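One structure is given here, and the rest of the page talks about it.
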Amino acid sequence: PRRPPPVPGWMMGELEQAELYEVFLGKATARYLPIFQRFDAGEGSTSWNLPAGLVTQLWMVYRGLYLWGLVWYPLLALLAGFLVGSLCLVGGASGGSLSMLLFLPASIAIMGLYGDRIYHGQARARIEESGRIGLDPQRRNDWLKRKGGAHLPAALAVLAVDLALAGLLLFVAIPSYQAYLIRQQVLEGVMMAGAAE
């Protein structure tokens, strides 16, 4: 069996490790504390988190994982582009279609399984940072509360930006699609006229 990583000595000082997690997690303690303790004990590295899988970027920003929230979708898009390109070279166009069908379930599964692990790493990093700063217990708790918990305003801002981008894409895509349909109808009419001659 795998041994758990060593717990730094400062985590066992004025507050126990579970108390530090509770301060960092806030209202989400009941959900995440047992998972974090299981990870610390070395009992697996995955757990299922539905919001992390379905609304990945919003969940990440809501939990304060700003860098992950910024990088996840571009990274996934690059990976999918590589996969589509590779399968198109190997299997033709059908390979690209297959990879696009697998892309969404794969992204949901990956982040659904590893989202809690990423959040655990963030919590440990913030707790370790709070110990290195050298704050007294009350200021340390206040600092951890600010860094942890939920970040609703940031998640709402990301949601607003995502909705604005989706609206912009629709604003561009709908007229283009309508023009495509008109071209197809004209082409069909020309072909029917040619057949009638």
Note to self: With the alpha-carbon atoms as the only input, what is the per residue convex hull volume for region 23-77 in Å³?
What the structure shows: 102 Å³
Next item on the list: Would you tell me the accessible area of Leu104, worked out with a 1.4 angstrom probe on the heavy atoms of the protein chains, in Å² to the nearest 10?
Entry: 110 Å²
Next item on the list: Please calculate the 1.4 Å probe accessible area of Asp136, with all protein chains present, and give it to the nearest 10 Å².
Entry: 70 Å²
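The values are calculated or read from the model by the stated rules, or taken from the named source; none is laboratory data. Everything quoted here is computed from the prediction, not taken from an experiment. SASA here: full protein model, heavy atoms, side chains in, ligands and nucleic acids out. Shrake-Rupley method; radii C 1.70, N 1.55, O 1.52, S 1.80 Å.
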